[in-house]
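S.K.: Got a structure for you, written out below as structure tokens; questions coming shortly.
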Amino acid sequence: MDADFLINILLPALWEGLLVTLKLIILSAPFGLLFGTLLAVGRVYGGFFVNLFCRFFVGFIKGCPLILLLFILYFGLPSVGIYLSALLASVIGFICCNSAYNSEYIRGAILSVKEGQMIAASALGMTRIQAIRHVVLPQAMRRAIPGLSNEFIYLIKYSSLAYMITLIELTGAGKLIFSKYFEPDVFIMIGIIYLALVTITTVGANALEKKLAIPGTQGR
Amino acid sequence: MDVFSIVAEWLPYLLSGVMVTIGLVAAALIIGALLGLPMALGQVYGTRPLKMVIGTYVWFFRGLPVLLLLFLFYFTIFPFLNLDVPEFFVGATVLGLRGAAYQSQIFRGAIQSISEGQMTAARSLGMSRLTAIRSVIIPQAVRVALPGWSNEYPNILTDSAICYAIGVAELMTRTSQIVAQTYITMPIYLACALVFILLNYAGMRVIYHLEKRVAIPGFSGNTSSGVL
């Protein structure tokens with residue numbers, strides 16, 4: 001790999017791909033967190049049917065490979081008249097996957113908040129929903145941060161699967177360059193970018209956990 | 001011909017991919033465990049340089065997407081080594097090496113959870129450090145690690161589908177081949193999803209029984225994670 005190839009061909013293409021990867025993550029992560037929280041609350045506090053639905057959803061998503069889910073959304077749905085762009089199909093797939101795994105961590109964290117907290121909140125006159133929102137979740141979410149940031153890192157890595165449904169993100173951009181110029185070092189370059197992304201995220205997540213910690217509660 | 005008879009006609013072809021998928025998963029789990037346990041021991045008891053090498057390995061394999069690792073090994077590393085190996089071998093190697101990185105962290109946590117007094121007691125009985133690790137620490141640590149380890153199975157099972165990208169003839173590859181042949185999409189994708197979910201469920205049952213089998217009565221650390 002010479003410098004000319006690197007600067008004029010590879011890096012611009014990877015930059016374009018990186019932007020798509022970041023777009024995928026930015027569009028997916030907030031909804032993954034939101035729906036993950038709702039799924040977790042549904043599983044812990046929901047009635048029979050809500051609980052059943054949430055368990056079924058999480059079970060299906062965790063059992064079905066993400067790549068197959070993306071195929072269903074992009075290649076399968078048109079047969080029932082729903083046409084999604086590759087970007088939208090990827091984002092929906094990532095949100096489903098991310099929220100299902102997030103819900104497992106948040107559910108565990110909710111269950112780790114002592115029951116007395118809920119009783120105390122009710123004694124203060126809070127409704128159930130108020131108690132969940134203002135008492136249980138603020139404590140639970142802090143405990144879930146290590147797991148959630150892990151899932152965020154998975155999201156970064158699994159965003160590469162969008163290439164399988166024709167969306168040219170970081171891995172895809174590199175693969176196209178490889179197919180055109182047959183330069184195997186391309187994949188090393190992509191690897192460096194992913195490692196940088198993941199390492200920065202890990203450092204950021206640790207800092208976030210420290211920043212959000214409430215002195216004296218120690219998280220656990 | 002209606003959709004169901006077409007799906008039924010292709011089902012044997014799809015199911016023959018099950019053996020390939022199981023082969024990938026089994027190979028990956030075995031490679032992962034064989035490398036992961038020594039790596040965990042190295043990270044706990046090893047010298048500083050050894051710890052750094054293992055730490056870098058784990059950082060590398062946990063930081064890269066499976067898809068990129070497959071491309072990297074298939075297009076860059078194996079050709080560089082002048083090795084012409086079948087796709088299945090590439091898939092199993094990638095999933096196994098990556099699994100080793102994850103499994104080493106599960107085993108490491110388990111080893112560190114065994115109280116230090118165990119080592120001290122074993123040493124005071126005259127055991128060498130190596131014997132103590134082999135006969136006292138590992139038998140306990142492996143049992144503590146089992147619940148966490150059992151989560152590796154569904155992860156590797158779903159990741160094995162990504163081997164589609166390099167054309168290993170497993171379930172996902174066969175699914176898209178069938179779709180390309182028949183132009184039927186949804187029923188075939190859902191059939192494939194069902195097979196994966198059944199494999200997941202069956203595997204977890206096997207692991208659950210394995211956990212019960214190796215459990216030592218009165219020794220906690222074998223709480224199984226429930227299925228679904």
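The values are calculated or read from the model by the stated rules, or taken from the named source; none is laboratory data. Values in this document were obtained by computation on a predicted structure and should not be read as measured data. Every residue, glycine as well, gets a Cβ built from its backbone with ideal geometry; the counts of neighbours run over all protein chains shown. The area values use the complete protein model at the heavy-atom level, side chains included, leaving out ligands, DNA and RNA. Shrake-Rupley method; radii C 1.70, N 1.55, O 1.52, S 1.80 Å.
S.K.: Any idea how many residues of the stretch A:176-185 are facing chain B (nearest Cβ under 8 Å) and either open to solvent by less than 20 Å² (accessible area, probe 1.4 Å) or among the β-branched types (Val, Ile, Thr) (or both)?
M.R.: 1
S.K.: Which one of these is open to solvent by 10 Å² or more (accessible area, probe 1.4 Å) and touching an Asp or Glu at 6+ places or on another chain (Cβ under 7 Å): A:41, A:20?
M.R.: A:20
S.K.: Provide a single number: the residues in the stretch B:1-33 that are touching a residue at least 40 places away in the same chain (Cβ under 8 Å) and either β-branched (Val, Ile, Thr) or closer than 21 Å to residue B:148 by Cα (or both).
M.R.: Qualifying residue count for the region: 16.
S.K.: May I pose another question? Looking at the stretch B:79-102, I want the residues that are within 11 Å of residue B:62 (Cα to Cα) and have a partner that is open to solvent by 60 Å² or more (accessible area, probe 1.4 Å) with Cβ atoms under 7 Å, at least 6 apart or on another chain. Which pairs are those?
M.R.: Once the first residue is within 11 Å of residue B:62 (Cα to Cα) and sits in the stretch B:79-102, its partners that are open to solvent by 60 Å² or more (accessible area, probe 1.4 Å) give B:100/B:35; B:101/B:62; B:102/B:62.
S.K.: On the given criteria, is residue B:89 within 14 Å of chain A (Cβ to nearest Cβ) and either within 19 Å of the chain's Cα centre (by Cα) or surrounded by 15 or more Cβ atoms within 10 Å (Cβ to Cβ) (or both)?
M.R.: No; evaluated as a whole, the condition is false for this residue.
S.K.: Test of understanding: among A:111, A:137, A:167, A:195, which residue is of a type outside the set (D, E, K, R), more than 9 Å from chain B (Cβ to nearest Cβ), more than 14 Å from the chain's Cα centre (by Cα) and surrounded by fewer than 17 Cβ atoms within 10 Å (Cβ to Cβ)?
M.R.: A:111
S.K.: Okay, moving on. On the given criteria, is residue B:123 basic (Lys, Arg), away from chain A (no Cβ under 11 Å) and either surrounded by 16 or more Cβ atoms within 10 Å (Cβ to Cβ) or part of a loop (DSSP other than H, G, I, E, B) (or both)?
M.R.: Here the answer is no, as residue B:123 does not meet what is asked.
S.K.: Could you please find all residues in the stretch A:44-73 being over 21 Å from residue A:159 (Cα atoms), within 11 Å of chain B (Cβ to nearest Cβ) and surrounded by 21 or more Cβ atoms within 10 Å (Cβ to Cβ)?
M.R.: Scanning the stretch A:44-73 gives no hits.
S.K.: Across the stretch A:74-88, which residue is least open to solvent (accessible area, probe 1.4 Å) among those that are part of a helix (DSSP H, G or I) and free of Cβ contacts under 8 Å to residues at least 40 places away in the same chain?
M.R.: Looking only at the stretch A:74-88, we keep the residues that are part of a helix (DSSP H, G or I), and these are A:74-80, A:86-88.
Next cut, free of Cβ contacts under 8 Å to residues at least 40 places away in the same chain only: A:76-80, A:88.
Working: A:76: 0, A:77: 29, A:78: 36, A:79: 73, A:80: 93, A:88: 86 Å².
Among those residues, the one meeting the criterion is A:76.
S.K.: Restricting attention to the stretch B:165-190, which residues are in contact with a Leu (Cβ under 8 Å, 6 or more places away or on another chain) and buried (at least 20 other Cβ atoms within 10 Å of the Cβ)?
M.R.: Listed by number, the residues that qualify are B:165, B:168, B:170, B:171, B:172, B:174, B:175, B:178, B:188, B:189.
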